[in-house]
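*Asks:* Please find one structure pasted underneath; my questions will follow.
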Amino acid sequence: MKILVINSGSSSLKYQLFDMLNGKVQARGVLERIGEPGGVPDHTAALTSVVNRLRHGEDGGASAVDISDLAAVGHRVVHGGERFVQATVIDDSVEAAIDALTPLAPLHNPPNLAGIRGARHAFPGIPHVAVFDTAFHQTMPSRAFLYGLPYEYYEQHGVRRYGFHGTSHAYVARAAADWLDRDSNRFNAITCHLGNGCSMAAVRHGKSVDTSMGLTPLEGLMMGTRSGDIDPALCFFLPNAVGIPMADMENMLNKQSGLLGVSGVSNDFRALREAANDGNPRARLAMDMFAYRIRKYLGAYLAVLDGCDALVFTGGIGEHQADIRAAICGGLSHLGIILDADRNADADGQAMCVSHPKSPVAVVVMPTNEELEIAQQTLAVVNRQQG
Ligand code: ADP
């Protein structure tokens, strides 16, 4: 039995075909330049290409695979608002609801929906399941998800913290519990997803109780090009006092800030490290700020949870940058976090416990696998529906 996972963006569409008997990837690929010169005209055409590639092994050099036992298609959807608290079988009303959430995710939900429509056309007669980036965080209590704003903005416009990367936080929290041979439903963890986008979550008994991203992915940690937390007064100070046009603020905070903005070098951690090693002080400063912000959230989430079993690192930076893990965890034995320097230095992209055996909080490096998580949630929903 197979599950196809689709991650549909505005100009590219990624797919992975899983054999669910062993969790192995049977085929994977990406279609780029959708709607651009040299590419396919739209998402429906992109999905037709996916079918052809799978059936006949066209283009990317991949060989044909048998998709006669394709059981379902799982779709990554960024924003599920408050309506979607778990993976959901897609029908016309679910499509309409994803569309209605567009104001909360104007850059993401429309291309996600275009992928869903194309795939329902290309793969008719099997269930399609939406797996939402926000769903895992819907267990947050209101004291954690509300902003200190007039309450009617929440009631009338859904202004609140939603959080993102939920599929990844859910996956690594459970995988870390499994790795440590613990029951994931009784496991407390602080999960750090550190990639281009970065977020942390406080997970109590397997459920998200707080997370650093907010209404949008801009809030929280400092990221590759996003500022993360700033004084909200900057949103009127900068246009008034510095003369940045209001219309440019969103782009500046999302695309020109963070590691890139501070260093002036790059949003990519590998390039930053090279520059820092060559003596660039702003590259070093950007890395210090990045780690310090995570350390602050770590302190906050240790206070939020009543006892923490594990601190989990994932994403390109979390999995590969040992120095950053060391900077975050150093000198925290009074909070129960004792890193094993050698193990930490050795961990590079593989699942590994990097804390000292005597550390009350286990520190775990856990490669994320959002596609596999989407496939597993899709299968679970389909089994539930049929069972
Ligand atoms: P995305 O968030 O787009 O999925 P990643 O999770 O790969 O991307 O995270 C990208 C960040 O991780 C970059 O800053 C990059 O420098 C860093 N990174 C990715 N792979 C490695 C690696 N093998 N060694 C060191 N840093 C890495």
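The values are calculated or read from the model by the stated rules, or taken from the named source; none is laboratory data. Since the structure is predicted, the reported quantities are computational estimates derived from the model, not experimental observations. All Cβ positions, even for glycine, are placed from backbone atoms using ideal geometry, and neighbour counts span all protein chains on display. For the accessible areas, the whole protein counts, side chains as well, though only heavy atoms, and no ligand, DNA or RNA atoms are used. Shrake-Rupley method; radii C 1.70, N 1.55, O 1.52, S 1.80 Å.
*Asks:* Hey, any hits in segment 288-300 for a residue that's open to solvent by 30 Å² or more (accessible area, probe 1.4 Å) and either touching a helix residue (DSSP H, G or I) at 6+ places or on another chain (Cβ under 7 Å) or assigned to a strand (DSSP E or B) (or both)?
*Replies:* yes
*Asks:* Checking Arg270 against (1) within 15 Å of the ligand (Cβ to nearest atom); (2) open to solvent by 60 Å² or more (accessible area, probe 1.4 Å); (3) over 19 Å from Ile328 (Cα atoms), which test does it fail?
*Replies:* Failing condition for Arg270: (3).
*Asks:* Counting residues that are under 22 Å from Gly74 (Cβ atoms) and more than 16 Å from the ligand (Cβ to nearest atom), which helices (runs of 4 or more DSSP H) fully inside segment 105-214 reach at least 2?
*Replies:* Once the helices (runs of 4 or more DSSP H) in segment 105-214 are filtered for at least 2 residues that are under 22 Å from Gly74 (Cβ atoms) and more than 16 Å from the ligand (Cβ to nearest atom), what remains is 109-122, 166-179.
*Asks:* Consider Pro281 against the criteria (1) more than 24 Å from the chain's Cα centre (by Cα); (2) surrounded by 15 or more Cβ atoms within 10 Å (Cβ to Cβ): it satisfies all of them except one. Which criterion is unmet?
*Replies:* Against the list (1) more than 24 Å from the chain's Cα centre (by Cα); (2) surrounded by 15 or more Cβ atoms within 10 Å (Cβ to Cβ), Pro281 comes up short only on (2).
*Asks:* Tell me yes or no: at least one residue of segment 114-135 is touching a Phe, Trp or Tyr at 6+ places or on another chain (Cβ under 9 Å), buried (at least 17 other Cβ atoms within 10 Å of the Cβ) and over 20 Å from Ile3 (Cβ atoms).
*Replies:* Yes: segment 114-135 contains one or more residues that are touching a Phe, Trp or Tyr at 6+ places or on another chain (Cβ under 9 Å), buried (at least 17 other Cβ atoms within 10 Å of the Cβ) and over 20 Å from Ile3 (Cβ atoms).
*Asks:* Considering only segment 278-287, state which residues are part of a helix (DSSP H, G or I) and either away from the ligand (no atom under 13 Å from the Cβ) or at pLDDT below 95 (or both).
*Replies:* Pro281, Arg282, Arg284, Leu285
*Asks:* Starting from segment 307-326, keep only residues that are without any contact (Cβ under 8 Å) to a residue 24 or more places away in the chain, then list their pairs with residues that are within 8 Å of the ligand (Cβ to nearest atom) whose Cβ atoms are within a distance under 6 Å, requiring at least 6 positions of separation or different chains.
*Replies:* none
*Asks:* When you go through Gly307, Gly261 one by one, which is the residue that is modelled with pLDDT of 95 or more, small (Gly, Ala, Ser) and either more than 23 Å from the chain's Cα centre (by Cα) or exposed (fewer than 15 other Cβ atoms within 10 Å of the Cβ) (or both)?
*Replies:* Gly307
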